[in-house]
């Protein structure tokens, strides 16, 4: 009887997961406040659920106090991606150690190790995105593409254009994703990113600086520095700089 109840519970959970609605397309807020004298790591979930192709998709904000560290041993079924929001992060990725400034990124494949240390006197603010795709994970694909990797903000060339400019970070596969594409756009005051459009890939717009208005379907929502915009597949969208300074934001797509 006990075994049957356990089996029934597993089946019910599986059905509920299968019926779970994908995360909504909307603006999500960074809701942590840095405290200079804090001693404990703070974290807050920005969003958590499933995507169109991701069985599990979570974005967190993390505050690492002065002279504290976060040691993460990846499971074999989860991939993680970090963006430095504010401060300097000392990163040990497997055997590689480096210091990353604002806007730098780290991608950690399943099973790898990362240690993030704040050696500064002020809090370190970082985004952590974790995700999994289940049976379609391909470790060999991720390793062949270069494995876990670090991208320094200062190493990315800024290419100006008539609306501002762009930094192309990378466009490559990982263990979880057939394609992981990230660039950072600088959008000058008063400009639109593009006419409202759609695409098959889901997308995250992560605001580093500025004040914008996002069109999401027929809705219009404010997106300010620190906010994270999640856009589902084929959702109509664009971004307009409605502030007095340039907008700076990550555009993250995957399939």
Of the candidates 33, 12, the one satisfying the condition of being at pLDDT 50 or above and either surrounded by fewer than 11 Cβ atoms within 10 Å (Cβ to Cβ) or not assigned by TED's automatic domain parsing to the domain that holds residue 118 (or both) is 33
Residue 111 passes all but one of the listed conditions (1) under 29 Å from residue 37 (Cα atoms); (2) not in a strand (DSSP E or B); the exception is number (1)
Among the residues of region 149-176, the number that are over 29 Å from residue 29 (Cβ atoms) and outside any strand (DSSP E or B) is 5
Reported set for region 71-87 where residues are within 12 Å of residue 128 (Cβ to Cβ) and more than 18 Å from the chain's Cα centre (by Cα) is none
Of the residues in region 56-77 that are at pLDDT 95 or above and either assigned by TED's automatic domain parsing to the domain that holds residue 235 or more than 28 Å from residue 122 (Cβ to Cβ) (or both), the one that is surrounded by the fewest Cβ atoms within 10 Å (Cβ to Cβ) is 56
key: Selection status of residue 184, farther than 21 Å from residue 54 by Cβ and in a loop (DSSP other than H, G, I, E, B)   = no
Out of (1) under 30 Å from residue 36 (Cα atoms); (2) in contact with a strand residue (DSSP E or B) (Cβ under 7 Å, 6 or more places away or on another chain), the one residue 122 does not meet is (2)
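Can you spot a residue in region 177-186 that is within 17 Å of residue 27 (Cα to Cα) and either assigned by TED's automatic domain parsing to the domain that holds residue 245 or touching a residue at least 12 places away in the same chain (Cβ under 8 Å) (or both)?
no
The values are calculated or read from the model by the stated rules, or taken from the named source; none is laboratory data. Model, not experiment: these values are computed from the prediction. Here Cβ is always computed from backbone atoms with ideal geometry, including for glycine, and neighbour counts include all displayed protein chains.
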